Amino acid sequence: MTEPTNANLFAALRAAFPSDLDQIAIETDDDLLYSWRDLDRASAMIANLLDALKLEEGARIAVQVEKSVEALLLYLATLRAGYVFLPLNTAYRGAEIEYFIGNAEPEVVVCSSANASWVAPIATAAGTRHVFTLDDNRKGTLLDVAAQCSDRHTVVTKADDDLAAILYTSGTTGRSKGAMLTHRNLRSNAEVLKDYWGWRTAEQGGDVLVHALPIFHVHGLFVAIHGALISGSKMIWLNRFDPKRVVARLPEATVFMGVPTLYVRMLAERGLTRKSCSNMRLFISGSAPLLIETFNEWRERTGHTILERYGMSETVMLTSNPYNAVSGERRGGTVGFPLPGVQLRVRDDEGKPCPTDEIGHIEVDGPNVFAGYWRMPEKTKEEFTADGYFRTGDVGKVDGLGYVTIVGRSKDLIISGGYNVYPAEIEGYINEMAGVAESALVGVPHADFGEVGVAIVIPRAGASLDGEAIIAELKSKLANFKIPKRCFVVAELPRNAMGKVQKALLREQHKRLFEG
Ligand code: MLC
Ligand code: AMP
């Protein structure tokens, strides 16, 4: 009798480990070496720890820890043991964490020991049964307990539609929504990208990826890590992005992935030259629009053409510029072609198909499209068309050759340094402050972050407000990347005939704020 196939993503990743498990899988920037055997055994130990907790089927493991190889091992262990990984941005503060934990009801919460004094009470109040700590120096209660567990573990069998992870994305209205990603979503995307980007398998000598992104979002956690693991390739691991350190490691590397801000900062390094990039095979950019100036400057300086791709938390990767010249050139300003298996279409406001080159709403379908928002069936329904396509909220067009260009967003969203900031959330916090009548947050161009938020605030009659004080109050409540870089107090907001705030006018008014 043949064994039923295991749809668990970890099984696919594990199957791609090189046959010589003593080869180096990860080298940290402070010279720690982890072999493939280390990844296998350490993830088994943490998986055994989770098993011993006798968690419910589908239990969520919420994790807010600084980046480290051990944090990656916790992710792998969660997959391996068949639970649902819920990564949280390290910048989130009390109210944000309280919402995520209250909404997701994780049975296990893992936080840094520095944050345990405020995260643990939030978790306990929400009914979490187990709180562990994990720091970026290989210390913490999680590792203390795991050290006593066996290093052998049978990968739990999962079905395609079983959940592997929940990623929270903020909402244009109301609270954040947890995008539910299945083992099939993540596995199919990793397998497609392995071929599309020409990852070299272990037998072909493997690639070497410089990993410098955070590991709580799609880009760093899924696209980068899965790409390396599913091809048995080594990672050079940086816990924090430092342009000097990345440039210093490029001569030993073959692949790099970053959001546009990372490329902008690396271009400011004199050490970035054709010579330092001569071993490199591929530079990939995504999560935010890559300016054509950056694309061109990179090509001139390094001789490499950045490959831009497009994705979302709800869909993992959707489109990519070609890797192979035979499939076409990499076109700056475009996000390339829909990936194999992805159906992408552009529709007008009435839902009718847009002809070639015409701008409309981007809708997608495919094995990578998520299973819906956690405990929000109504919201999920709204975001899908009657024939099952997901409405991305991005506005774009497809040209005669099939290249997709994103020209804007129908969702009110600012992408700053690759992080999403939803104006409605920040405006909500400002509007609750004493003396505030109303507010508007708009995104304006910024050379480093691409786009940053600027707040325009209207005081109540008789109240006197100070922009700096508003920013200081926001800093005490919200993640740092959500804080507007400037705040103006003015008498009124521009409105259209319907009384709606004209954000386009505000953006126009402030678009040169960060020039020069
Ligand atoms: C930091 N700051 C930011 C910011 N990051 N402000 C706006 N936008 C950001 N992204 C602010 C801090 O609040 C602080 O302000 C100051 O900048 C310095 O903080 P820092 O922590 O020292 O910044 P730094 O470490 O340099 O971080 C910048 C960064 C980081 C670009 C390295 O933001 C980053 O890693 N971005 C990558 C995000 C990412 O991985 N996105 C993928 C999403 S997945 P002050 O006032 O306190 O000095 C996705 C899907 C897909 O979108 O398609 O991939
Ligand atoms: P997130 O919800 O954090 O996953 O962000 C997804 C959003 O990032 C998408 O809906 C797009 O608006 C944006 N995005 C991702 N990649 C690109 C890209 N290459 N160019 C422009 N926007 C992008």
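Evaluated against (1) touching a Pro at 6+ places or on another chain (Cβ under 7 Å); (2) open to solvent by less than 20 Å² (accessible area, probe 1.4 Å), P423 falls short on exactly one condition, (1). Checking E382, E432 one by one, the residue that is within 23 Å of K482 (Cα to Cα) and among the acidic types (D, E) is E432 and no other.
Being open to solvent by less than 20 Å² (accessible area, probe 1.4 Å) and among the polar types (S, T, N, Q) is the filter here; which residues of the stretch 366-384 pass it?
Once the filter is applied, which keeps residues that are open to solvent by less than 20 Å² (accessible area, probe 1.4 Å) and among the polar types (S, T, N, Q), the stretch 366-384 yields only N368.
Residue by residue, here is whether (1) closer than 17 Å to W199 by Cβ; (2) within 16 Å of ligand 2 (Cβ to nearest atom) holds:
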| residue | (1), (2) |
| --- | --- |
| A253 | yes, no |
| L282 | yes, yes |
| W298 | no, yes |
| S313 | no, yes |
| N324 | yes, no |
| D349 | no, no |
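Across the stretch 291-343, the qualifying residues are those that are open to solvent by less than 20 Å² (accessible area, probe 1.4 Å) and part of a helix (DSSP H, G or I), and the one among them that is nearest to ligand 1 (Cβ to nearest atom) is T294. Look at (1) basic (K, R); (2) at pLDDT below 95; (3) more than 16 Å from ligand 2 (Cβ to nearest atom) and you find that R409 fails only one, number (3). Looking across the stretch 243-290 at every residue that is hydroxyl-bearing (S, T, Y) and within 16 Å of ligand 1 (Cβ to nearest atom), the one that is farthest from the chain's Cα centre (by Cα) is identified as Y263.
In summary, no strands (runs of 3 or more DSSP E) completely within the stretch 130-234 bear 2 or more residues that are assigned by TED's automatic domain parsing to the domain that holds R375 and modelled with pLDDT of 95 or more.
Here L73 clears all of (1) without any contact (Cβ under 8 Å) to a residue 40 or more places away in the chain; (2) more than 23 Å from D20 (Cβ to Cβ) except the condition numbered (2).
Being open to solvent by 30 Å² or more (accessible area, probe 1.4 Å) and assigned by TED's automatic domain parsing to the domain that holds S68: is that true of A125 here?
Values: open to solvent by 30 Å² or more (accessible area, probe 1.4 Å): yes; assigned by TED's automatic domain parsing to the domain that holds S68: yes.
Here the answer is yes, as A125 does meet what is asked.
Of the numbered conditions (1) away from ligand 1 (no atom under 16 Å from the Cβ); (2) open to solvent by 10 Å² or more (accessible area, probe 1.4 Å); (3) within 30 Å of A424 (Cα to Cα); (4) not in a loop (DSSP other than H, G, I, E, B), V110 satisfies every one except a single condition; which is it? Tallying (1) away from ligand 1 (no atom under 16 Å from the Cβ); (2) open to solvent by 10 Å² or more (accessible area, probe 1.4 Å); (3) within 30 Å of A424 (Cα to Cα); (4) not in a loop (DSSP other than H, G, I, E, B), V110 fails exactly one: (2).
Check every one of the strands (runs of 3 or more DSSP E) wholly within the stretch 12-101 and list those with 2 or more residues that are at pLDDT below 95 and within 16 Å of ligand 2 (Cβ to nearest atom).
It comes to none.
Tell me whether the stretch 477-491 contains one or more residues that are part of a loop (DSSP other than H, G, I, E, B), in contact (Cβ under 8 Å) with a residue 24 or more places away in the chain, of a type in the set (K, R) and surrounded by 13 or more Cβ atoms within 10 Å (Cβ to Cβ). Checked the stretch 477-491: at least one residue is part of a loop (DSSP other than H, G, I, E, B), in contact (Cβ under 8 Å) with a residue 24 or more places away in the chain, of a type in the set (K, R) and surrounded by 13 or more Cβ atoms within 10 Å (Cβ to Cβ).
The values are calculated or read from the model by the stated rules, or taken from the named source; none is laboratory data. Being a predicted model, the structure only gives us computed values, none of them experimental. Virtual Cβ from ideal backbone geometry, glycine too; neighbours counted across all protein chains shown. Side chains are part of the model used for accessible areas, which takes the heavy atoms of the whole protein and leaves out ligands, DNA and RNA. Shrake-Rupley method; radii C 1.70, N 1.55, O 1.52, S 1.80 Å.
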